[in-house]
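Asker: Starting off with a structure, shown below.
The values are calculated or read from the model by the stated rules, or taken from the named source; none is laboratory data. Small disclaimer: the values here were computed from a predicted structure and weren't measured. In this analysis, Cβ positions are derived from the backbone assuming ideal geometry, glycine residues included, and neighbour counts consider all displayed protein chains.
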Amino acid sequence: MMFIVTFGLGSVILTNPFVLQGVKWCGAVVLCWLAWKVATARRAGAVTGGKPASFIGMAAFQWVNPKSWLVCASAAVTFLDEGAGTALGQSAILGLLFFLAALPSCLPWLAFGAALQRALRSERAFRLFNVAMGALLAASVILFLW
């Protein structure tokens, strides 16, 4: 997904720099909305009797996940450079780098999530965590625009 989105968007960005500003501001709005949703989220009910999603199902989900699109668009506008070669070459390198960085990051991320799930058993701890995460996400938008 990183390669395909970056290649398509990268081709547009490298030929029209004004698109960069539009993507940047749209991304900031989406991140602020997500920060609000995280900060005000309620605990989800326990899922019973459901079958876990398959690897293919979760991979397909990424194509409709707005956060995935935002990450890919942000990478394209941040790392592509008009003087650094073609959009195809830059997209291939960026896709490979993201894959190599994500691969070793998955297991610690999953372990942290499992440990955090045990620590957030009370409603108060859950709410405090969500407010803190929403505030940090909103703060990252400020840094992003600054």
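Asker: Under 6 Å between Cβ atoms, at least 6 apart or on separate chains: pull out the pairs that start in segment 122-142 with a residue that is without any contact (Cβ under 8 Å) to a residue 24 or more places away in the chain and at positive phi and end on any residue that is among the hydroxyl-bearing types (S, T, Y) and surrounded by 12 or more Cβ atoms within 10 Å (Cβ to Cβ).
Answerer: If the second residue must be among the hydroxyl-bearing types (S, T, Y) and surrounded by 12 or more Cβ atoms within 10 Å (Cβ to Cβ), no pairs are left.
Asker: Does any residue in segment 27-46 that is touching a residue at least 60 places away in the same chain (Cβ under 8 Å) come within less than 8 Å, Cβ to Cβ, of a residue that is in a helix (DSSP H, G or I) and among the hydroxyl-bearing types (S, T, Y) six or more places away or on a different chain, and which pairs are these?
Answerer: G27/S74; L31/S140
Asker: For segment 56-70, state whether one or more residues are modelled with pLDDT of 85 or more, out of contact with any helix residue (DSSP H, G or I) (no Cβ under 6 Å at 6 or more places or on another chain) and of a type in the set (K, R).
Answerer: Scanning segment 56-70, I find no residue that is modelled with pLDDT of 85 or more, out of contact with any helix residue (DSSP H, G or I) (no Cβ under 6 Å at 6 or more places or on another chain) and of a type in the set (K, R), so the answer is no.
Asker: Right, next: Based on this model, can you work out whether V29 counts as buried (at least 17 other Cβ atoms within 10 Å of the Cβ), of a type outside the set (S, T, Y) and not in a loop (DSSP other than H, G, I, E, B)?
Answerer: Here the answer is no, as V29 does not meet what is asked.
Asker: Counting only residues that are of a type in the set (G, A, S), farther than 23 Å from L31 by Cβ and either in contact with a Gly (Cβ under 8 Å, 6 or more places away or on another chain) or touching a residue at least 60 places away in the same chain (Cβ under 8 Å) (or both), how many does segment 57-90 have?
Answerer: Residues meeting the conditions: 1.
Asker: Among the listed residues A102, A138, A111, identify the single one that is surrounded by 14 or more Cβ atoms within 10 Å (Cβ to Cβ) and part of a helix (DSSP H, G or I).
Answerer: Only one candidate passes the filter, namely A138.
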